[in-house]
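Read the figures in this text as sums done on the coordinates, not as results from a lab. Because the structure is a prediction, the values reported are computed rather than measured. We place every Cβ from the backbone using ideal geometry, glycine too, and count neighbours over all the protein chains shown.
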Amino acid sequence: MIHSMTGYGKSVLQLPSKTISIEIKSLNSKTLDLNMRMPSIYRSKELNLRKLIASKLNRGKVDFSLYFENTGGETFANVNPKVVKKYMAQLEGLSTGTEIQRLQMAIKMPDAISTERDEIDESEWSDIQNEILKALDRIALYRLEEGNVLEADFTKRIAIISDLLNQVLAIDPERITNVRERLHKGVSELKEKYDENRFEQELVYYIEKFDITEEKVRLQNHLEYFIKTLNSEESNGKKLGFISQEIGREINTIGSKANFAPMQKLVVQMKDELEKIKEQLLNVL
């Protein structure tokens, strides 16, 4: 069972005097790259929140956003002009709207408005944290569903490579016969006398150098191991990446030893399928 690193989760909490909106987005990354946007009043909770998100998502380029909108009750709020102007300057290059529209957007950005309230209501934060957990559950489900799509694609492509390998096995005797005939023809065209026994010894040695039995066995083992790892309980994109490298190594060796156009054509097809697998593996957790 694998999980994608691409995901999205959102949750909204309605409190008596405000609406809390939580959004979490993630893309692929070699490590956890976490970017957080939240009002300054909640900054004291950021470290613990980072640990919570890291424990749930493990890896990926993650954008976490927490916004709130006052919906009732008396509040004492002040606009931060410097912050608002900075947001408007940034929006000017991104938005084609009017200045009023950009101002409306800027006011909703983090820290554009500050309140006189400096302390966090722990009961309120507990509710917010539960809502964050819901958003994390939703992005985890999204990642799992995306992982199921990737798993089906990997299984299909590994099956294609396995089928191509069987075709390689089927034409291998023909390849050896072809190599033997070409060598005999090459020597006969020299119109020189040669020791037939010595030639046969050298021919056997030469053909043994082109033997791909070990590569075929190892490649089949790697393909089976890939599927076994794919179906394991843990999602391990890095391990699957290492296995795909080993698969590629054996395919390349078969290609270098093939010396037979029909077999080389099959090798190119195997490489093409493997490249598609490697591209998708970059997005596996």
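Annotations for the structure displayed:
- Charged neighbours of His3, selected by a Cβ distance under 14 Å, balance to 0 (K, R count +1; D, E count -1).
- Exposed chymotrypsin sites (Phe, Trp or Tyr not before Pro) absent - longest run of the chain, DSSP non-H/G/I/E/B, at most 16 other C-beta within 10 Å: 77-193
- Each part gets one Cα centre, and for region 21-39 versus region 55-69 those centres are 4 Å apart.
- Efficiency of FRET between Glu246 and Lys134 - r from beta-carbon atoms, R0 45 angstrom, step 0.05: 0.65
- Sites Asn221 and Thr19 - FRET efficiency at Förster radius 41 Å, r taken between beta-carbons, to 0.05: 0.15
- Excluding the site residues themselves, the longest part of the chain lacking any trypsin sites (Lys or Arg not before Pro) in a DSSP loop with at most 13 other Cβ atoms within 10 Å is 194-285.
- Each Lys and Arg adds +1 at its Cβ and each Asp and Glu adds -1 at its Cβ; summed about the Cα centre, the chain shows a dipole of about 540 debye.
- Our estimate of slack between Ser162 and Asp33, defined as 0.36 nm per intervening residue step minus the Cα-Cα distance, is 42.8 nm.
- Other residues with beta-carbon under 11 Å from the beta-carbon of Ile128 carry, at +1 per Lys or Arg and -1 per Asp or Glu, a net charge of -2.
- Gaussian network model of the chain, Cα within-10 Å springs - most flexible of Gln90, Gln269, Gln167: Gln90
- Legend: residue pairs Lys51/Lys271; Lys134/Lys156; Lys51/Lys238; Lys56/Lys216, Cα-Cα distance threshold 31 Å; pairs beyond threshold, Lys51/Lys271; Lys134/Lys156; Lys56/Lys216.
- Sites excluded, GluC sites (Glu not before Pro) in DSSP loops with at most 11 other C-beta within 10 Å, longest stretch of the chain: 1-73
- Note on Lys85: lysines with a C-alpha under 16 Å away, same-chain residues under 8 apart excluded, are Lys108.
- Distant-in-sequence amide contacts of Leu34, defined by a placed amide H-H separation under 5 Å and a gap of 5 or more residues or a different chain, comprise Val62.
- Label-to-label distance, nm, for residues given as Glu214 and Ser123 (7 Å Cα→Cβ offset): 7.3 nm
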